[in-house]
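Novice: Can you read through this structure? Questions will come right after.
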Amino acid sequence: MSFFQKLKDKISNQTTEVTDKFKTGLEKTRESFAGKMNELVYKYRKVDEDFFEELEDLLISSDVGVSTVMDLIEQLKDEVKRRNLKDTKDVQPVISEILAGMLDEGEESQGLNLQTDGLTIILVVGVNGVGKTTSIGKMAHYLKQDGKKVMLAAGDTFRAGAIDQLEVWGERIGVDVIKQQAGSDPAAVMYDAIQAAKSRKADVLLCDTAGRLQNKVNLMNELEKVKRVIEREVPGAPHEVLLVLDGTTGQNAMSQAKTFGKSTDVTGIVLTKLDGTAKGGIIMAIKRELDIPVKFVGLGEQKDDLQPFAADQFVYGLFKDVLDSPEDLQQS
C-alpha cells in the first residue's frame, strides 16, 4: 500500500469534523504552496539542479526554515535518485511524503501532560497580541469537553483588558476564573488560584501570564517568580509551559520561541491564526529547529477551532489536492 493510501486510510478513521477544520484552516497555505509548486512544475519539466534550487527558495519563502529545507532537499534528491524520477510532477507527492515523515518525528510527545492523580497546572506564556488569552479560553473549552473540571488564573495583572477578557471566556464556557485587581502581584494570583483549584477539586488550572510589563521589571524574571510559587505549592508543577505564537508572524515567531525557551523551559507550542496566513510551513521550522512540540493549532475564530496538533491531519490539509488525485496516488 502506498504512503498516500495509508495516510488517507488513517484520516478516514478520524472524525470528519477535525479533518474539515484542518482542511479549511490551512486553505491559504495550501493554495499558496500548491500554486507555487504548480508554477515550478510547469516551468521545469525535468528534475535538475535548477529545479532543486528554485524549490529550495520556494520552501524558504513559505517559512519552512532554512535547516529544515536543507534536510528536505537532501532527502528529496536521494529519493529522486532511488526512484529514478525524471518528470517534476512526479516529485510533488514525494515532497509531501518527506514532510509527513519529518512532522511525525516525536509524535508521541504531542499530548498534554495531564496528571491522572491530582491537579494539573498549565502555565501559558507569550507576548501580547498573539492570541494568548483567547487560546486559554479555547483550551479550557477543549478540556471541559473532554470531561475535565477546569479553572482559569488571571495572571496577566499588568493589562486590565486581559483580566476582563479571561472573565468573558470563563462565563462563555462555564468555568471559574480566579483574579485580583489590575496591578496586583501575579505570583499572589497564582497562589490564590492554586488554593481555590485544590479546594474545588479541579482537574486542570490554566494560568494566564503577562506578555508585557508596564514597569521596568524584567518579564522573564517575573515569569520565573510565578513558576517558583507554582512549584512550591504543587511539587512537579507546572506540568506544561505552553508558548503561544502567532502563525502569521513567520520567522518573528521563531525568535520569540527562542527567547522564551531560554528562560521558561517551554514544553509545547500553541500556534494561533493559521487560518489567516499562507505561511503554515512555520510549523516545520518550530518542530525541527527548536525541538519543541506543537501541541495545539488555531484554525479559526470559533471556540472549538483550537485543535490538538496532528501531523497526519496537517499533511492532509496541506497536500489535499495531491492526495485526492488518483493519478498521484498510483504514482506514489
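Novice: Specify the residue that is nearest to ASP192 (Cα to Cα); the eligible residues are those in region 120-136 that are surrounded by fewer than 24 Cβ atoms within 10 Å (Cβ to Cβ) and out of contact with any strand residue (DSSP E or B) (no Cβ under 6 Å at 6 or more places or on another chain).
Specialist: THR134
Novice: Still on this structure, please answer the following. Under 6 Å between Cβ atoms, which residue pairs at least 6 apart in sequence (or on different chains) link something in region 25-36 that is within 14 Å of GLY298 (Cα to Cα) with a partner that is among the small types (Gly, Ala, Ser) and part of a helix (DSSP H, G or I)?
Specialist: Here the result reads LEU26/GLY317, each pair linking region 25-36 to a residue that is among the small types (Gly, Ala, Ser) and part of a helix (DSSP H, G or I).
Novice: On to the next question. Within region 111-223, considering only helices (runs of 4 or more DSSP H) that don't extend past its boundaries, which have at least 2 residues that are under 24 Å from LYS262 (Cβ atoms)? Before you say what the answer is, go through the steps one by one.
Specialist: On the way: elements: 132-145, 160-173, 186-199.
Result: 132-145, 186-199.
Novice: Being polar (S, T, N, Q), in a helix (DSSP H, G or I) and more than 21 Å from the chain's Cα centre (by Cα) is the filter here; which residues of region 55-104 pass it?
Specialist: At the first step, the residues of region 55-104 found to be polar (S, T, N, Q) are 61-62, 67-68, 75, 84, 88, 92, 96.
Those left that are additionally in a helix (DSSP H, G or I): 61, 67-68, 75, 88, 92, 96.
Answer for region 55-104, where residues must be polar (S, T, N, Q), in a helix (DSSP H, G or I) and more than 21 Å from the chain's Cα centre (by Cα): GLN75, THR88, GLN92.
Novice: Further question: Of the residues in region 19-54, how many are assigned to a helix (DSSP H, G or I) and either touching a strand residue (DSSP E or B) at 6+ places or on another chain (Cβ under 9 Å) or closer than 15 Å to LYS77 by Cα (or both)?
Specialist: Residues of region 19-54 assigned to a helix (DSSP H, G or I): 19-25, 27-43, 49-54.
Those left that are additionally either touching a strand residue (DSSP E or B) at 6+ places or on another chain (Cβ under 9 Å) or closer than 15 Å to LYS77 by Cα (or both): 21-22, 25, 41, 49-54.
Residues in region 19-54 being assigned to a helix (DSSP H, G or I) and either touching a strand residue (DSSP E or B) at 6+ places or on another chain (Cβ under 9 Å) or closer than 15 Å to LYS77 by Cα (or both): 10 in total.
Novice: What number of residues in region 12-29 are modelled with pLDDT of 75 or more and within 15 Å of ALA311 (Cα to Cα)? First the steps, then the outcome.
Specialist: Narrowing region 12-29 to residues modelled with pLDDT of 75 or more: 16-29.
Narrowing the set further to residues that are within 15 Å of ALA311 (Cα to Cα) leaves 18-23, 25-26.
Result for region 12-29: 8.
Novice: Just a yes or no: is a residue in region 263-280 within 28 Å of VAL315 (Cα to Cα), of a type in the set (Asp, Glu) and in contact (Cβ under 8 Å) with a residue 60 or more places away in the chain?
Specialist: Yes; the residues of region 263-280 include at least one that is within 28 Å of VAL315 (Cα to Cα), of a type in the set (Asp, Glu) and in contact (Cβ under 8 Å) with a residue 60 or more places away in the chain.
The values are calculated or read from the model by the stated rules, or taken from the named source; none is laboratory data. Just so it is clear, the model here is predicted, and its values are computed rather than measured. Note that we place each Cβ from the backbone using ideal geometry, even for glycine, and neighbour counts take in every protein chain shown.
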